[in-house]
């Protein structure tokens, strides 16, 4: 990612603490909307984090941030993704590390291949990447961070909720 | 069921040429040491597997540097033909190698079938695979595991697990699983993560200087009132437009005709910054407000100084004049003083003249007296020759008394006249000094008044106005003007200060953009071909790791599935064979145990109580267990329809008679499922096999070895 984006995210992480993951989820939601998502639903508490329709395809995205370079998914998350797959949506695990060279990894979810509570390094998820989706989100995400990170650091989730609410394609959960 | 029929051997190890019938369920190859038992059994192995056996990698210690060709060979070929009944017909497998052939030369392999077909090389191998004849791995494993069990106490769980999995024919799964699942994918992913972290460190190291420069620039911009969120390439234009608007308004207010720059795009920025840097100085210069303020301030300061100095000067003049007036009143004016002085000087002259005359008279008298004193006639006047009685005496008295007193009076008079004159002169000098002082004071005040009058605006002194009052009015007017100018200058300063900040912002923005560009150029690898190549390599490696991971999982699943059935199969027969070989009383109630752990499957041989069996057993018991495992597997394979043959070379090693009897019973049992060929020395074990075993059997006794003739059969016995 761009140096300044990395810098902003590092500062946001330091300022937001445990809330950082949710803030990044909302920044990603803004980026997906800016990238042309036809619709997007963002959930803060229960269910799959993001559900979006992008280029006519329904996508269910479980968003994870990591400092260690590895993520683990709960059984509920995996069951939720599996359920969306059954319903015909494309399910993804989206991971963003906090290292300078990290970008979003959108790994396609295949039921049964990921085990609950097991740690997976981002490298392990690389073979399942959806490169097109990753490419489409790089610039919008960088722009969203540069534009909204300071507001997020000051105003938390509600500041980003306001940005999301102003987008016509945003659907309230 | 596979049944061996005959073995024909030529130039193989100890054999020159000969054959051995193998068409019984049990075939004993009996002979003392060095008679060719092992060569006979090895011939079967070589015929079936050829060069596989000779490879050092086989792991069978006895095969290391194996010499296949008979040392005393007379040339031609090494050849072994193994006839057997299989798949409802008979077949003859022949392996032939030219004597002296190199290690890379392929053997001739042929299979002759009863229907007349003759398959060679690859076809022959394919037929053997199709008939499920014993494969090399199964054979090798059986040989190796027996060696390992006998040589090692197997106190290390992993070694036991490997041996037992090998016994069960699962070691390949196990090895595959270990390689794929437990080592390679994890190592590869870990290595990739390390490489990525190292790369990041390298990039961050390279970025350190430009990023610090960038962040320092951002801090300076924050100090200039620009939050980082606002930073963008378009911001300088926004700042420039604001600065130009303010400059335009200021120019209008000050009535300046100043040229303002264009501010439309990034291309205008250099000119914009140049203008911004020079605008403040231009405004100050053109507005003249500062100069006017400085001039007014200077003028007022001068006026104040003059006003301040005027009164003391007037006071000084007044006092000088008073002193002069008083002096004149007391001592007259200058003319009177001079008249008196003239008179005093005249008196002095007169006194001095009288004194001089008196002195002359006295001198004459003294001269006359002197003459008289020398003259004989002291009464005759030497001047007029008149005679006067007592002239000399009288002259002396006159000189002494009369003339002396008169002279003193004249001197006194003269001195008084002089004192008077000196006093008058002094008075005149004092008067002159006072006059000079008064004149000087008057001149000074006239000068100051002139200066002050010059500082007062024309008109204020019209009509005989008081100079000081006019000056004070002038001062007040100047104070008001200065106040106004100061306000104007402050306002201009504020405008210029704001403009100066804008100019600084523009300069800093240019630095920030350059720093950001430098940092980004160094840090932005994403567009470079090297980064793309690196990413592809990482992706490929990660894909390989993922594949290995999946394959590892599959291997483990297959291993689990296979282990379950093998465990049941082998355990079904294992206990029985152990009891047969070691005897019921030995309590060798052992079984293969498959354990599932998070890392994978492990294998062990446990006793009835669930304890470890191998590590506490003596050599005979280990041998018994190993053979029992071999027989149990063979029995299960044969029951499953897999062609199986058991070949045992000196299996009674380290077994006492009781165990040998048990082994004979075990061979009898396994021989009911598959043919058994046993190489052994003459003795009770061989006799027992021939006399006590109930299955058809043959003993082939080998003659003492003759180097020229080679191994040969001395006699055969069938029962």
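The values are calculated or read from the model by the stated rules, or taken from the named source; none is laboratory data. Please read these numbers as outputs of a predicted model, since none were measured by experiment. Note that each Cβ is placed from the backbone with ideal geometry, even for glycine, and that neighbours are counted across all protein chains shown.
Quick check on segment A:1-16: of everything there that is in contact with a helix residue (DSSP H, G or I) (Cβ under 9 Å, 6 or more places away or on another chain) and surrounded by fewer than 18 Cβ atoms within 10 Å (Cβ to Cβ), which residue is farthest from residue B:535 (Cα to Cα)? Walk me through it before giving the result.
Just the residues of segment A:1-16 that are in contact with a helix residue (DSSP H, G or I) (Cβ under 9 Å, 6 or more places away or on another chain), to begin with: A:1-9, A:11-16.
Those left that are additionally surrounded by fewer than 18 Cβ atoms within 10 Å (Cβ to Cβ): A:11, A:14-15.
Details: A:11: 27, A:14: 29, A:15: 32 Å.
Filtering segment A:1-16 for residues that are in contact with a helix residue (DSSP H, G or I) (Cβ under 9 Å, 6 or more places away or on another chain) and surrounded by fewer than 18 Cβ atoms within 10 Å (Cβ to Cβ), the one farthest from residue B:535 (Cα to Cα) comes out as A:15.
Can we say residue B:222 is within 14 Å of chain A (Cβ to nearest Cβ), in contact with a helix residue (DSSP H, G or I) (Cβ under 8 Å, 6 or more places away or on another chain), assigned to a helix (DSSP H, G or I) and surrounded by 14 or more Cβ atoms within 10 Å (Cβ to Cβ)? Even if it seems obvious, please write down each step before you answer.
Values: within 14 Å of chain A (Cβ to nearest Cβ): yes; in contact with a helix residue (DSSP H, G or I) (Cβ under 8 Å, 6 or more places away or on another chain): yes; assigned to a helix (DSSP H, G or I): yes; surrounded by 14 or more Cβ atoms within 10 Å (Cβ to Cβ): no.
The answer is no for residue B:222.
If you take just the strands (runs of 3 or more DSSP E) that sit entirely in segment B:1-120, which of them hold at least 1 residues that are more than 19 Å from residue B:647 (Cα to Cα) and without any contact (Cβ under 8 Å) to a residue 40 or more places away in the chain?
On the way: elements: B:3-10, B:17-21, B:26-30, B:77-86, B:89-98, B:108-113, B:118-120.
Because the criterion is at least 1 residues that are more than 19 Å from residue B:647 (Cα to Cα) and without any contact (Cβ under 8 Å) to a residue 40 or more places away in the chain, the strands (runs of 3 or more DSSP E) in segment B:1-120 that meet it are B:89-98, B:108-113, B:118-120.
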### Message
residue B:535 - would you say it is modelled with pLDDT of 80 or more, within 34 Å of the chain's Cα centre (by Cα) and within 10 Å of chain A (Cβ to nearest Cβ)?
### Response
yes
### Message
Pull out all pairs, ordered by first then second residue, where Cβ-Cβ is under 6 Å, the residues are six or more apart or on different chains, the first lies in segment A:102-127 and is at the interface with another protein chain (Cβ under 10 Å from one of its Cβ atoms) and touching a residue at least 40 places away in the same chain (Cβ under 8 Å), and the second is surrounded by fewer than 20 Cβ atoms within 10 Å (Cβ to Cβ) and in a loop (DSSP other than H, G, I, E, B).
### Response
A:121/A:69; A:122/A:69
### Hits in segment B:452-480 - residues which are surrounded by fewer than 17 Cβ atoms within 10 Å (Cβ to Cβ) and assigned to a helix (DSSP H, G or I)
B:453, B:454, B:468, B:469, B:472, B:473, B:476, B:477, B:479, B:480
### Number of the exception - residue B:606 against (1) in contact with a strand residue (DSSP E or B) (Cβ under 8 Å, 6 or more places away or on another chain); (2) surrounded by fewer than 19 Cβ atoms within 10 Å (Cβ to Cβ); (3) under 25 Å from residue B:640 (Cα atoms)
(3)
### Task
Would you check if there is a residue in segment B:179-188 being more than 9 Å from chain A (Cβ to nearest Cβ) and either more than 30 Å from residue B:553 (Cβ to Cβ) or modelled with pLDDT of 85 or more (or both)?
no
### Query
What residue, among those in segment B:643-682 that are over 19 Å from residue B:47 (Cα atoms) and out of contact with any helix residue (DSSP H, G or I) (no Cβ under 9 Å at 6 or more places or on another chain), is surrounded by the most Cβ atoms within 10 Å (Cβ to Cβ)?
B:671
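Yes or no: residue B:122 more than 14 Å from chain A (Cβ to nearest Cβ) and modelled with pLDDT of 80 or more? Walk me through how you get there before you give the answer.
Values: more than 14 Å from chain A (Cβ to nearest Cβ): yes; modelled with pLDDT of 80 or more: yes.
Judged against the criteria, residue B:122 is a match.
How many of the residues in segment A:128-143 are away from chain B (no Cβ under 12 Å) and either over 15 Å from residue A:92 (Cα atoms) or touching a residue at least 12 places away in the same chain (Cβ under 8 Å) (or both)?
6
Only one of A:79, A:34 is surrounded by 17 or more Cβ atoms within 10 Å (Cβ to Cβ), away from every other protein chain (no Cβ under 14 Å) and more than 27 Å from residue B:540 (Cβ to Cβ). Can you tell me which? Spell out the reasoning first.
Values: A:79 fails: surrounded by 17 or more Cβ atoms within 10 Å (Cβ to Cβ).
Step by step, each of A:79, A:34 is checked, and only A:34 is surrounded by 17 or more Cβ atoms within 10 Å (Cβ to Cβ), away from every other protein chain (no Cβ under 14 Å) and more than 27 Å from residue B:540 (Cβ to Cβ).
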### Query
Can you name the condition, by its number, that residue B:553 falls short on among (1) within 14 Å of chain A (Cβ to nearest Cβ); (2) touching a residue at least 40 places away in the same chain (Cβ under 8 Å); (3) over 23 Å from residue B:164 (Cα atoms); (4) surrounded by fewer than 17 Cβ atoms within 10 Å (Cβ to Cβ)?
(3)
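Take the residues of segment A:144-173 that are touching a residue at least 24 places away in the same chain (Cβ under 8 Å) and assigned to a loop (DSSP other than H, G, I, E, B): which is farthest from the other protein chains (Cβ to nearest Cβ)?
The first filter runs over segment A:144-173 and keeps only residues touching a residue at least 24 places away in the same chain (Cβ under 8 Å), leaving A:144-146, A:148-150, A:152-153, A:156-157, A:160-161, A:163-164, A:167, A:169-173.
Applying the additional criterion that residues be assigned to a loop (DSSP other than H, G, I, E, B) yields A:167, A:169, A:173.
Details: A:167: 19, A:169: 24, A:173: 28 Å.
Checked segment A:144-173; the qualifying residue farthest from the other protein chains (Cβ to nearest Cβ) is A:173.
If you check B:281, B:258, B:305, B:251, which single one turns out to be without any contact (Cβ under 8 Å) to a residue 60 or more places away in the chain and not in a helix (DSSP H, G or I)?
Values: B:281 fails: not in a helix (DSSP H, G or I); B:305 fails: not in a helix (DSSP H, G or I); B:251 fails: not in a helix (DSSP H, G or I).
Step by step, each of B:281, B:258, B:305, B:251 is checked, and only B:258 is without any contact (Cβ under 8 Å) to a residue 60 or more places away in the chain and not in a helix (DSSP H, G or I).
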#### Entry: Lone unmet requirement of (1) at positive phi; (2) within 14 Å of another protein chain (Cβ to nearest Cβ) for residue A:27
(1)
### Residue check, residue B:491 under 29 Å from residue B:276 (Cβ atoms), out of contact with any helix residue (DSSP H, G or I) (no Cβ under 7 Å at 6 or more places or on another chain) and without any contact (Cβ under 8 Å) to a residue 40 or more places away in the chain
yes
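Please find, among B:504, B:476, the residue that is more than 13 Å from every other protein chain (Cβ to nearest Cβ) and either touching a strand residue (DSSP E or B) at 6+ places or on another chain (Cβ under 6 Å) or without any contact (Cβ under 8 Å) to a residue 40 or more places away in the chain (or both).
Matching residue, one of B:504, B:476: B:476.
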### Query
From the list B:485, B:434, which residue is under 30 Å from residue B:242 (Cα atoms), touching a helix residue (DSSP H, G or I) at 6+ places or on another chain (Cβ under 6 Å) and touching a residue at least 12 places away in the same chain (Cβ under 8 Å)?
B:485
## Note on the structure
residue B:434 meets each of (1) under 30 Å from residue B:313 (Cα atoms); (2) loosely packed, with under 15 Cβ neighbours inside 10 Å with one exception, condition (2)
### Message
Can you tell me which residue is surrounded by the fewest Cβ atoms within 10 Å (Cβ to Cβ) among those in segment B:191-207 that are at the interface with chain A (Cβ under 8 Å from one of its Cβ atoms) and more than 14 Å from residue B:544 (Cβ to Cβ)?
### Response
B:197
### Task
Would you point out the residue of segment B:609-636, among those that are touching a strand residue (DSSP E or B) at 6+ places or on another chain (Cβ under 6 Å) and either assigned to a loop (DSSP other than H, G, I, E, B) or under 15 Å from residue B:160 (Cα atoms) (or both), that is modelled with the highest pLDDT?
B:613
### Residue tally, condition on the phi < 0 side of the Ramachandran plot and free of Cβ contacts under 8 Å to residues at least 40 places away in the same chain, over segment A:68-89
14
